[in-house]
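The values are calculated or read from the model by the stated rules, or taken from the named source; none is laboratory data. Just so you know, these numbers come straight off a predicted model, no measurement behind them. Using ideal geometry, Cβ is built from the backbone for each residue, glycine included, and neighbour counts are taken over all protein chains shown. In case anyone asks, the SASA skips ligands and DNA or RNA and just uses the protein heavy atoms, side chains included. Shrake-Rupley method; radii C 1.70, N 1.55, O 1.52, S 1.80 Å.
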Amino acid sequence: MLNFAIVGCGHIAKKHAEAIDRAEGAALAAVCDMIPENMEFYKETYNAKTYTDYAELLADKDIDVINICTPSGFHATLAVQGAEAKKHIVVEKPIALLMDDTNAIIEACERNDVKLAVVHPNRFRPAMKKLKEVVGSGKLGKISHINATVRWNRNQAYYDQAPWRGTKGLDGGVLMNQAIHNLDLMLWMMGDVNEVFSMSATRIRDIEAEDVCTGLVKFTSGALGVVETATTIYPKNFEESLSIFGEKGTIKIGGPTAVNVEHWNVEGTSEEETAELKKMIEEDPFGKPGHQCIIEDMVEAIKENREPIVTGEDGKKALELVLAMYESAETNQPVKMQPQEVLN
């Protein structure tokens, strides 16, 4: 049994606690937060030890894995300190807000021979796993383009919950906070990016960062990508989707939370096979919770001494794309990410 500790007892921490509680081979042993009242739930529900001092938590030899659930701007400091204390690290998305901080996390984990996993749980959704299988099989032929859409609502009350929400220094906007999951899926499906061009704005929400962002992506394969993200949608979440268009197939995974097969037309796949696939996913659209998959994978990665499924490098690639889109929006210029000659 591996003992996990959660640092930062805000909203997302409850998902981590539930995931650890459900995961085979894992136990929630401790929580850490500067505000004692925030830890009462975990003490009463899971009998977790409580720490207001992170250094004291790291000195606890019973703790094997640290789950970092603080505002994003604090990820790097906490992750590096955790790695230096020889604790394995699970860090919420984004891995960090700056590239230097991200490199520091990865280097600290490598130097101290501890595992590092980044929470991008949407990879574990049944429809996304099936889509990844098809893309990897080559059944779609040459892919022309991919479209990632996040049309969600995060009202002003959401941002007003805490002073760090929507700030550039601790949180970021829709691209960094919500749509980074979708950028991770694009990269997982399509590989590395060569060039981006984007525009962003703060149109409706009273926040420092952007509440809407659109962008164009050119992958090293030559395929194109379209990104549309917003938290300004009235009155509630409208759509989250990933669509891929190839010479031998068209697929769209959509709905309010990108779990439904809205379109699946692949050459060589019969109507009966497609109907069976849709039925299977409709019966269990979310599958095993993604956070639980991340925890169970970390347990197995430690036991088998292998890399987690979603690595620090994966988290870095998603952040690189976000930062390139931010740079492009600020300069109103395309931003190169890979050498041009690798294009087909």
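Side notes on the structure shown:
- 0 to 90° range, to nearest 10: angle between helix 271-283 axis and the chain longest Cα axis: 20
- Orientation-averaged projection of region 14-66 equals 3.5 nm² [convex hull of Cα atoms, one quarter of hull surface area].
- Charged neighbours of K14, selected by a Cβ distance under 14 Å, balance to -3 (K, R count +1; D, E count -1).
- Distance between the pseudo-spin-label points of L98 and K14 (7 Å out from Cα toward the beta carbon): 3.3 nm.
- If you run the Gaussian network model on the chain, springs between alpha carbon atoms under 10 Å, then out of F197, F41, F124 the most flexible one is F41.
- Average accessible surface for the chain: 46 Å² per residue, computed with a 1.4 Å probe over protein heavy atoms with every protein chain in place.
- About the centre of its Cα atoms, region 258-334 shows a dipole size close to 340 debye [charges on the beta carbon of Lys, Arg (+1) and Asp, Glu (-1) only; nearest 20 debye].
- Toward the positive end of the charge dipole of the chain, with +1 on the Cβ of Lys and Arg and -1 on the Cβ of Asp and Glu, the farthest Cα among I95, S144, A209 is that of S144.
- Of P121, P308, P256, the one that fluctuates the most in a GNM where the chain has Cα springs shorter than 10 Å: P256
- Sorted on the mean count of surrounding Cβ atoms within 10 Å across their residues, most packed first, peptides 214-227, 146-159, 65-78 read 65-78, 214-227, 146-159.
- Each eigenvalue of the Cα gyration tensor of the chain, multiplied by 5 and square-rooted, gives one semi-axis; in descending order these are 33, 24, 20 Å.
- Selection among N153, W164, A48 by position relative to the dipole of region 12-165 gives N153 as farthest towards the positive end (Cβ unit charges, Cα centre).
- Potential extension, E247-T45 segment - 0.36 nm per residue separation minus Cα distance: 67.5 nm
- Around S241: net Lys/Arg minus Asp/Glu count, Cβ-Cβ under 11 Å: -2
- Centroid-to-centroid, using Cα positions, region 271-344 and region 110-182 are 7 Å apart.
- Only protein heavy atoms count here; under a 1.4 Å probe, D60 has an accessible surface of about 20 Å².
- Under 11 Å, Cβ to Cβ, from I63 - net charge with Lys/Arg +1 and Asp/Glu -1: 0
- Under 5 Å from the amide H of H263 lie the amide H atoms of K252, each residue being 5 or more positions distant or on a separate chain, with H modelled from the backbone and absent for Pro and chain starts.
- Note on E208 and A27: the extension gain reaches 61.3 nm, defined as 0.36 nm multiplied by sequence separation minus the Cα-Cα distance.
- Build a GNM of the chain with springs between Cα atoms under 10 Å apart, and of V174, V266, V322 the one that fluctuates most is V266.
- When the helices of the chain are scored as -39500 (n - 2.57) per DSSP H run of n ≥ 4 and the total is divided over every residue, the value at 222 nm lands at -11000 deg cm²/dmol.
- Shape class for region 232-308: oblate, because the ratio a/c of the largest to smallest gyration tensor axis (alpha-carbon atoms, square roots of eigenvalues) is 1.5 or more and b/c is at least a/b.
- Ordering F286, F4 by accessible surface, largest first, gives F286, F4; the 1.4 Å probe counts only protein heavy atoms, with every chain in place.
- Between T52 and S144, the simple label model (points 7 Å from Cα in the Cβ direction) yields a spacing of 6.2 nm.
- Spacing of the two label points (7 Å from each Cα toward its C-beta) at T331 and I233, in nm: 3.2
- Assuming charge only on the beta carbon of Lys and Arg (+1) and of Asp and Glu (-1), the dipole of the chain about its Cα centre is about 460 debye to the nearest 20.
- Fully extending the segment from E272 to D62 would add 70.4 nm, taking 0.36 nm per residue of separation and subtracting the current Cα-Cα distance.
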